[in-house]
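The values are calculated or read from the model by the stated rules, or taken from the named source; none is laboratory data. Quick caveat: nothing in here was measured; it's all calculated off a predicted structure. No Cβ is skipped: glycine too gets one built from the backbone with ideal geometry, and neighbour counts run over all protein chains shown.
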Amino acid sequence: MQQAAAGDAGHCRITAGALTLEHEHILVVDDESQITRVLRTSLSSHGYDIRVANDGEAALEIMKDWSPDLVITDLAMPNMEGLELCRRLRAKTQIPIIVLSVRGEEQTKVEALDAGADDYVTKPFDMRELLARVRANLRRTRTEASELGPIEIGDFKIDPGARSVFVKDRAVHLTPKEFDLLAYLARRASKVVTHRALLGAVWGDENTEQVEYLRVFVANLRKKLETSPNSPRYIVTDPWVGYRFEPNDDRLD
């Protein structure tokens, strides 16, 4: 296994594999110089344009005149920690955010996802896995959403091109992953979609066991879409199996 960890940077070196043709911009935010050096070297060797910040404040300063396509951030940093950076970014941008942290507890992952992160990788990490996560998040971002037709069903109008959602003509602001999850369910309305299928479609095949991702994002969707989130009518749980989207809320307003 090729792993990256503070004090063992040599294990991050990629010795094989085709270079990417794209030159997407990636902002790496971490106060550990060895980690940033390893990430800069490895990601650059795969064709990505990399800039580095050592905390959240420095990251926001860089983004004033440089627009990354993806952000990789640590959580524990001086001046502005990763969770706050996630919140600040998500308030104004839809770009993918991958958290890269030594803290692997499920509650920490939930907090990061709640703050707006799209993905979570625990240190020490396998560089091949991180590269796969980067490719998966950028690939979904690059997808020509305009090629997918709008969804008008029941109480919902979902436009993948504009990435907009209206429920009973009320605009609803969703994060990128919330939108992707809703759109995937909406295209399969009234059908049960398994946890594994949802995770693979929205987060990639390498995340099909990360059920906590679904718990966080479904809960957030329900808060934004449902009249009574604790008694959901639009996004219904099929216990131990998955979720089902029912586009009509027939309760009286």
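Modelled with pLDDT of 90 or more and either outside any loop (DSSP other than H, G, I, E, B) or surrounded by fewer than 18 Cβ atoms within 10 Å (Cβ to Cβ) (or both): is that true of Leu174 in this structure? Even if it seems obvious, please write down each step before you answer.
Working: modelled with pLDDT of 90 or more: yes; either outside any loop (DSSP other than H, G, I, E, B) or surrounded by fewer than 18 Cβ atoms within 10 Å (Cβ to Cβ) (or both): no.
Against the criterion (modelled with pLDDT of 90 or more and either outside any loop (DSSP other than H, G, I, E, B) or surrounded by fewer than 18 Cβ atoms within 10 Å (Cβ to Cβ) (or both)), Leu174 does not qualify.
Among the residues of the range 9-30 satisfying the criterion of being modelled with pLDDT under 95 and acidic (Asp, Glu), which is farthest from Thr122 (Cα to Cα)?
Residue satisfying both the conditions and the ranking: Glu22.
Can you name every residue in the range 85-141 that is hydroxyl-bearing (Ser, Thr, Tyr), over 10 Å from the mean Cα position of the chain (by Cα) and modelled with pLDDT of 85 or more?
Listed by number, the residues that qualify are Ser101, Thr108, Thr122.
Taking the range 99-114 as the search range and keeping residues that are without any contact (Cβ under 8 Å) to a residue 60 or more places away in the chain and part of a strand (DSSP E or B), which one is farthest from Trp203 (Cα to Cα)?
Step by step, filter the range 99-114, then rank; the result is Ser101.
Starting from residues that are among the aromatic types (Phe, Trp, Tyr) and modelled with pLDDT of 90 or more, keep the ones in the range 227-253 and report whichever is nearest to the chain's Cα centre (by Cα).
First, pick out the residues of the range 227-253 that are among the aromatic types (Phe, Trp, Tyr): 234, 240, 243, 245.
The next check asks that each one be modelled with pLDDT of 90 or more; those that pass are 234, 243, 245.
Details: Tyr234: 22, Tyr243: 19, Phe245: 21 Å.
Among those that are among the aromatic types (Phe, Trp, Tyr) and modelled with pLDDT of 90 or more, it is Tyr243.
Being at pLDDT below 85 and charged (D, E, K, R) narrows it down to one residue among Glu152, Glu144; which is it?
The conditions single out Glu144.
Take the residues in the range 197-253 that are of a type in the set (S, T, N, Q) and assigned to a loop (DSSP other than H, G, I, E, B); name whichever of them is nearest to Gly116 (Cα to Cα).
The first filter runs over the range 197-253 and keeps only residues of a type in the set (S, T, N, Q), leaving 207-208, 210, 220, 227-228, 230-231, 237, 248.
Now drop any that are not assigned to a loop (DSSP other than H, G, I, E, B), which leaves 208, 210, 227-228, 230-231, 248.
Values: Thr208: 20, Gln210: 16, Thr227: 23, Ser228: 23, Asn230: 22, Ser231: 24, Asn248: 28 Å.
Filtering first and then ranking leaves Gln210.
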